[in-house]
Amino acid sequence: MTTPTHAQALEQLLKERIVILDGAMGSMVQTFTLSEADFRGEQFKAHPHDLKGNNDLLCLTRPDIIEAIHDQYLEAGADIVETNTFSGTSIAQADYKLEAIVTELNLAAVACARRAADKAEAKTKGRKCFVAGAIGPLNRTLSLSPDVNRPEYRAVSWNQVIEAYTEQVRALVKGGVDALLVETIFDTLNAKAALFAIENVFDEVGFRVPVMVSVTITDRSGRTLSGQTITAFYNSIRHARPFSVGINCALGGNDMRPYVQELAKVAECYVSCYPNAGLPNAFGGYDETPEDMAAVLGDFAKQGWLNLVGGCCGSTPAHIAAIAAAVKKSAPHVVAPPLAVQRLSGLEPLTIS
């Protein structure tokens, strides 16, 4: 179980240096060439739906693999490992007819990450390792219609999204995460539902853990899929008092550069960045080497833009080790002081001074 001491230790570490996040889970899972039987295990042997590809389920059926991946990232120098719960909601698990196991799945995922973190701490005296509960964006969106002929239609409601996120967050907090990470946000309204659910759970349990937020810029237009610029997005979620805000996925580090710089100027909290290992190639793979990623993110650190850094799709423990070495000598980003102005957002930001 996370404790106030853990939260204080994370805060202290961020004051001292740039903190290292882990890398991709999915691409590491693929290196094990798993079969349908691995995903089913004994527990889901007779399940009536195909389960291969449901990586979150491996926390229950092959926890040894998930824990081993966490181990590798911690050995590479990660300070924070994310739980394997990117699709750990009833809405996402409905694709596999597994809505009923969401609580069990999230608890198992936290246990996998916590065992790995505890082992890493035991190996090095004084080391602190942290577990962030990963909360993905859902496969349904509140802002956009999936039917071009019915722009008013939504495949899911606000209350359904809140209910799904509440169930996941409740389990992650019960499992003992040190922080919650709402990540790969492409629809700000989905993210706001997640943040609302998080606050409801904090009210239930009577304590808080740090809330980290990370958005994805979908292309070189510099906007989210729901149309917001990076500053407009930040204005939309700053009321939640995030512990950190950042950018991950979709783009490689080079393409993120102007948006990370912009975010570092406006954010009143810690800033994170964990890009893909470049843009996907024709075969769906990622071509940036550990040295490539480390050079880009090392420069971001030298510019004073980063407090937390890691990798997303295509990144491996080798990438994380190279990134950790590249940012080691750079001072952490100095958080911008709050501005006594009204900051509003639509697709664009509006500041009333």
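The values are calculated or read from the model by the stated rules, or taken from the named source; none is laboratory data. Here the structure is a predicted model, which means the values were calculated and not measured. Because the Cβ atoms are built from the backbone with ideal geometry, glycine has one as well, and the counts that use them run over all protein chains shown.
What the table below lists for this structure:
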item	result
Identity of the residue in segment 271-282, touching a helix residue (DSSP H, G or I) at 6+ places or on another chain (Cβ under 8 Å) and surrounded by fewer than 23 Cβ atoms within 10 Å (Cβ to Cβ), that ends up nearest to ALA294 (Cα to Cα)	GLY278
Test: LYS123 is touching a residue at least 12 places away in the same chain (Cβ under 8 Å) and over 18 Å from the mean Cα position of the chain (by Cα)	no
Meets criteria (at pLDDT 95 or above, more than 18 Å from LEU74 (Cα to Cα) and aromatic (Phe, Trp, Tyr)) for PHE300	yes
In segment 88-118, the residues that are buried (at least 23 other Cβ atoms within 10 Å of the Cβ) and of a type in the set (Gly, Ala, Ser)	GLY88, ALA92, ALA108, ALA109, ALA113, ALA116, ALA117
One residue from LEU189, LEU172, LEU195 being touching a residue at least 40 places away in the same chain (Cβ under 8 Å), within 20 Å of ILE91 (Cα to Cα) and touching a Pro at 6+ places or on another chain (Cβ under 9 Å)	LEU195
Selected residue (only one of ASP50, ASP38 is surrounded by fewer than 18 Cβ atoms within 10 Å (Cβ to Cβ), charged (D, E, K, R), in a loop (DSSP other than H, G, I, E, B) and touching a residue at least 24 places away in the same chain (Cβ under 8 Å))	ASP50
Options GLU163, GLU183, GLU199: the member that is within 26 Å of ALA108 (Cα to Cα), acidic (Asp, Glu) and buried (at least 20 other Cβ atoms within 10 Å of the Cβ)	GLU183
Breaking point among (1) crowded, with 19+ Cβ neighbours inside 10 Å; (2) over 23 Å from CYS59 (Cα atoms); (3) over 15 Å from the mean Cα position of the chain (by Cα), for GLY222	(1)
Some residue of segment 158-176 being farther than 15 Å from ALA240 by Cα, part of a loop (DSSP other than H, G, I, E, B) and touching a strand residue (DSSP E or B) at 6+ places or on another chain (Cβ under 8 Å)	yes
Filter result (in contact (Cβ under 8 Å) with a residue 24 or more places away in the chain and within 20 Å of SER87 (Cα to Cα)) within segment 1-31	LEU21, ASP22, GLY23, ALA24, MET25, GLY26, SER27, MET28, VAL29
Test result for GLU99, modelled with pLDDT of 95 or more and more than 24 Å from ALA24 (Cα to Cα)	yes
Qualifying residue in segment 145-154 (condition: more than 15 Å from the chain's Cα centre (by Cα) and either of a type in the set (Phe, Trp, Tyr) or crowded, with 23+ Cβ neighbours inside 10 Å (or both))	yes
Qualifying residue in segment 334-346 (condition: of a type outside the set (Lys, Arg), closer than 19 Å to ILE18 by Cβ and surrounded by 20 or more Cβ atoms within 10 Å (Cβ to Cβ))	no
Per-region count, segment 183-217, residues in a helix (DSSP H, G or I) and closer than 27 Å to ASP255 by Cβ	7
Members of segment 162-198 that are among the acidic types (Asp, Glu) and more than 18 Å from the chain's Cα centre (by Cα)	GLU163
Residue check for ALA7: within 25 Å of VAL211 (Cβ to Cβ) and in a helix (DSSP H, G or I)	yes
Answer residue from segment 128-144, given it is touching a Leu at 6+ places or on another chain (Cβ under 9 Å) and farther than 17 Å from VAL213 by Cα and is surrounded by the most Cβ atoms within 10 Å (Cβ to Cβ) among those	CYS129
Tally, over segment 248-287, of residues that are within 16 Å of ARG238 (Cβ to Cβ) and among the hydroxyl-bearing types (Ser, Thr, Tyr)	2
In segment 218-248, the residues that are outside any loop (DSSP other than H, G, I, E, B) and of a type outside the set (Val, Ile, Thr)	ARG223, ALA232, PHE233, TYR234, ASN235, SER236, ARG238, HIS239, ALA240, SER244, GLY246, ASN248
